[in-house]
1. Going through region 103-133 one residue at a time, which ones are part of a strand (DSSP E or B) and under 23 Å from residue 347 (Cβ atoms)?
2. Which numbered condition in (1) part of a loop (DSSP other than H, G, I, E, B); (2) more than 30 Å from residue 291 (Cα to Cα) is the only one that residue 471 fails?
3. Could you grab me the full set of residues in region 44-78 that are in contact (Cβ under 8 Å) with a residue 60 or more places away in the chain and within 24 Å of residue 154 (Cβ to Cβ)?
4. Whether any residue in region 264-275 is touching a strand residue (DSSP E or B) at 6+ places or on another chain (Cβ under 8 Å) and under 27 Å from residue 191 (Cβ atoms) is what I want to check.
5. Please go through region 513-543 and give me each residue that is outside the structural domain of residue 474 (by TED's automatic domain parsing), more than 21 Å from residue 477 (Cα to Cα) and surrounded by 17 or more Cβ atoms within 10 Å (Cβ to Cβ), ordered by number.
6. Could you please let me know if residue 247 is surrounded by fewer than 23 Cβ atoms within 10 Å (Cβ to Cβ), at pLDDT below 95 and under 27 Å from residue 504 (Cβ atoms)?
7. For residue 201, only one of the following conditions fails: (1) under 14 Å from the mean Cα position of the chain (by Cα); (2) surrounded by fewer than 20 Cβ atoms within 10 Å (Cβ to Cβ). What is its number?
């Protein structure tokens with residue numbers, strides 16, 4: 001390691017130690033207090049919560065996290081104790097590790113047709129998509145325990161709950177965010193990773209009404225190095241935010257689930273905020289932080305699940321870089337968040353059913369293909385690294401919850417893919433979309449896309465692929481036999497549009513899943529069908 005880089009790493013580590021030590025001290029200006037009997041006393045800012053999870057990493061004397069073997073043994077014990085739980089192995093990770101799944105139903109059912117017959121909404125809890133974020137997996141085990149033998153059993157009268165505690169076992173084994181070229185959390189549109197293909201196969205069989213995605217964030221990192229602050233929040237939260245998320249899902253999240261979380265966090269003494277992170281760009285001055293809320297890219301887990309018609313939440317607790325520091329509080333915050341959302345789903349079960357149905361069957365208007373997020377100035381709650389005092393950080397803020405459409409198009413009758421685009425057709429089928437391979441050639445009134453010179457700019461932070469610019473032309477073309485038809489009169493039509501509109505961020509064209517010549521003037525092998533056609537052929541089967 002070069003000497004200069006060694007010095008920077010040493011300085012960063014030293015500052016981090018100082019910051020975390022300072023942050024753990026009582027706040028002298030406005031101390032948090034805990035009521036004990038008739039007196040209140042000063043407590044640590046990140047003190048333990050009132051309950052401790054009963055999971056492997058909380059055994060006396062533990063100094064590490066739950067291993068794969070311990071996770072499997074814990075699930076096996078729950079399975080032996082519970083008559084409402086079914087344990088499955090989804091499959092093997094690329095590294096050969098088991099991916100565990102638990103299904104909780106009051107009837108003890110696990111076969112998808114039996115679960116569908118109960119008409120109970122299905123809640124999914126997903127932990128540790130990023131391997132270096134273990135709190136989500138530990139919390140998922142505790143929630144599973146409460147569903148099996150604890151205080152969450154009663155929700156099973158109204159819900160089915162699916163728990164996938166460790167979605168990325170290979171990353172967890174080596175404490176790395178990801179182990180492949182794709183970020184698993186941002187791969188839910190392309191489905192390039194084996195882990196996500198297995199997850200979505202199970203999700204096709206048990207469609208979600210509510211999804212809870214458990215992560216951790218780095219409280220220090222570049223915020224500390226550049227601005228001398230660390231995150232003050234215990235929990236960062238964001239629901240699905242892609243512009244095409246149904247109004248019914250947005251309204252239910254705002255009216256029922258957001259208030260439930262806010263009340264639970266306040267009661268527990270946890271600080272929460274909208275999810276956000278620092279955008280670190282070369283040449284950006286230290287006095288001008290640029291911070292963004294979570295992105296709107298359709299392939300981010302919470303957005304994909306929202307486009308499926310589910311209420312969908314990202315829950316992030318402080319943790320990356322902390323080791324086991326404040327471990328009980330971090331895991332406990334996840335347990336509290338997941339339990340609260342599950343209970344809110346049970347309390348609002350009829351409203352949840354209606355919102356899901358409206359999202360999957362009531363799409364009208366135009367498609368927002370691309371968009372610009374609003375820029376504003378915000379004061380964000382931080383902790384001064386040297387004093388441990390509360391401090392606001394004034395930042396340029398990208399508010400992804402407020403967008404202005406830059407490209408809109410009408411909803412087509414369907415999309416047609418060229419006969420050589422089988423990989424893209426199979427990906428759509430893996431999402432649960434109905435895709436028909438045409439037996440014979442047919443004339444079709446379509447809008448075709450002509451590639452223009454791509455924009456000379458990077459995509460939104462974290463969006464895979466290139467920027468794509470197209471012109472459209474309305475024509476009648478003869479579609480050859482073997483072409484793929486994707487009708488839009490189906491529940492997951494929104495997913496088809498975000499994948500197949502070429503200039504949508506992270507589309508199948510942008511990520512080269514639809515193979516084509518990128519040169520200007522090229523006609524793309526994807527078409528918008530404008531008038532219905534009589535066509536027949538077999539359905540494409542998901543691999």
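1. Residues satisfying the conditions are 103, 104, 122, 123, 124, 125, 126.
2. That leaves (1) as the condition not met.
3. Those that are in contact (Cβ under 8 Å) with a residue 60 or more places away in the chain and within 24 Å of residue 154 (Cβ to Cβ): 49, 50, 51, 52, 53, 54, 55, 74, 75, 78.
4. Yes, the conditions are met somewhere in region 264-275.
5. 540, 542
6. In short, no.
7. Single failed check for residue 201: (1).
Yes/no matrix, rows are residues, columns are (1) at pLDDT below 95; (2) out of contact with any helix residue (DSSP H, G or I) (no Cβ under 8 Å at 6 or more places or on another chain); (3) within 27 Å of residue 198 (Cα to Cα):
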{"position": "432", "(1), (2), (3)": "no, no, yes"}
{"position": "448", "(1), (2), (3)": "no, yes, no"}
{"position": "472", "(1), (2), (3)": "no, yes, no"}
{"position": "477", "(1), (2), (3)": "no, yes, no"}
{"position": "502", "(1), (2), (3)": "no, yes, yes"}
{"position": "528", "(1), (2), (3)": "no, yes, no"}
{"position": "534", "(1), (2), (3)": "yes, yes, no"}
{"position": "542", "(1), (2), (3)": "yes, no, yes"}
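The values are calculated or read from the model by the stated rules, or taken from the named source; none is laboratory data. It should be emphasised that the depicted structure is a prediction, and the values quoted were computed from it without experimental measurement. Counting neighbours? That spans all protein chains shown, and the Cβs are built from the backbone with ideal geometry, glycine included.
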